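Shown next, in structure tokens, is the structure this report addresses.
The values are calculated or read from the model by the stated rules, or taken from the named source; none is laboratory data. What you see is a predicted model; the values in this text were computed from it and never measured. So basically every Cβ, Gly included, is an ideal-geometry build from the backbone, and we count neighbours across all protein chains shown. The protein model used for the area step is the full one, side chains on, heavy atoms only, and it has no ligands, DNA or RNA in it. Shrake-Rupley method; radii C 1.70, N 1.55, O 1.52, S 1.80 Å.
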Amino acid sequence: MNVDEDFAEFVAARWASLYRLAYLLAASHSGAEDLLQTTLEKAYVNWGRISRMEYGEAYVRRMLANGLISSRRRAWVGEQPYEHLPESTQDSLELPVVDRSLLWPLVCALPARQRAVIVLRYYEDLSEAQIAEVLGCAPGTVKSQSSAAIAALRRALAAVATGEAVGEL
Amino acid sequence: MTLDDQLRVALSQEAESRNVPGLDVQTLIGGGQRRRRRRNATRAGIGCAVAVLIGGGFAVAQVDHDSGRVVEPVAPTSTPTGSPSPTIEAVPRAMPNEGNAQLSGTYRVLTGITESGTPIEADWSFRAPGWRAGNFPVASEDQGNAWAGVGVYRPFTLAEGTGCQGSESTPSVGRTPHALAVQLAHLPRSTVLVPPTPTETLGHLALHLRVQVDVRCAKWYRVADTSRGDRGLTYAGHHGVKNVVIDFWVLDVDGTPVVVDEWHNLDASAELVGRATQLRESIRFVSAQ
């Protein structure tokens, strides 16, 4: 089987799964298509190497997340990652069941990097260390991004619950 | 239900609810081929630019040793429009990786890619005879009873499990020289002879460590997966050979950890080890020049 056939077989088998991840990362249909096409073109260029990997699909999924962040990369300084999060004890607090149609728009409103952390953590089930590796940052930074995202979601949900207008997160 | 749980459910449901668009593989492959052509053209351009810079720097640095005065650099001669630039010939050849090719002279090797996407290249100079091509070059003596080799690479994965080709490997590779050196000190079936120690090599600060590895495998012991394929100790386990000694230097090249290694069978002669050391010390990183 040559490289093109091998690549085509992989894409055909994993297209739906990869598209869904791209959709969650990009938070839009058109963004997902652009992200997925760019990522798969890059994967094709290196397919000889990727196809020999034990976890080739995992590598491509990480390329997707990395592609999203790279496309929106900007100066990201001044943030101080920290080990202990002040609101971390609230993570296990019980909440009333929230409809997906309410929660998903709030996730979409998160900044791209925070959204990527949330998707990688709760959809891809990656650990903080694995997310740090994918995004090319320190585990402490993943913690702070995750913390900021969760705090923003809580604020937005509380605002919705009290009937306040939900602004940009 | 916690927010964590709700996020898991919401993301999963949102993903599953999407109508997946149709797939056009040929468009993807076409885009990939165009991207590859652009990449190759860019690399060729970088090679030309490097050759011009090296050539220019060399001309400026020339000194008339008889008189002790600096020789005026020769102005580059203009070439007719449309003619190929002669400086392209100054770029060393790519090092072959097919087995048994004899290596001599200087070769340029793609060692890896930096975090920012810049190729890391290195020039290798083979002055001693007897080096054979592979993913990474090897030399032998005593009719193949003792082997030595040299490698330079940025690992994509590192050995786990038994360490043998086909066993597990981890894609979680350290992003700093220290983290990577610690991982190399824990290779499967290895014993640390010299722990990671700060040093300097090939013009870069580095961490050096030495390990002894039991390399008995059905095929070969695979240290890492690299842009040149497996970094395997390919011939070391033949003829009943059990152990090799491998020195690692983990360098910081433009912010990216790069491994330089040199290995030999325990019973290799000092002459063979010396040949490997000479080859390793000939390596020059292009991006650092």
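Here are the numbers:
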{"read-out": "Shape metrics for segment B:151-238, restricted to C-alpha atoms - Rg then Dmax, Å", "value": "12.8, 38"}
{"read-out": "Proportion of all alpha-carbon pairs of segment B:175-219 beyond 18 Å (%)", "value": "35 percent"}
{"read-out": "Estimated translational D of segment B:168-289 in µm²/s (Stokes, Kirkwood radius over Cα pairs; 37 °C; 0.692 mPa s)", "value": "218 µm²/s"}
{"read-out": "Residue-normalised accessible area of segment B:196-289, expressed per residue, 1.4 Å probe, Å²", "value": "39 Å²"}
{"read-out": "Amide H within-cut-off set for B:I113, under 5 Å, with H built and near neighbours excluded", "value": "B:I120"}
{"read-out": "Solvent-accessible area buried by B and A, counting both chains, probe 1.4 angstrom, square angstrom", "value": "4200 Å²"}
{"read-out": "For segment B:1-44, alpha-carbon Rg relative to the globular expectation (2.2 N^0.38 Å, N residues)", "value": "2.09"}
{"read-out": "Separation in nanometres of the label points that stand 7 Å from Cα toward Cβ, at A:E33 and B:E115", "value": "3.5 nm"}
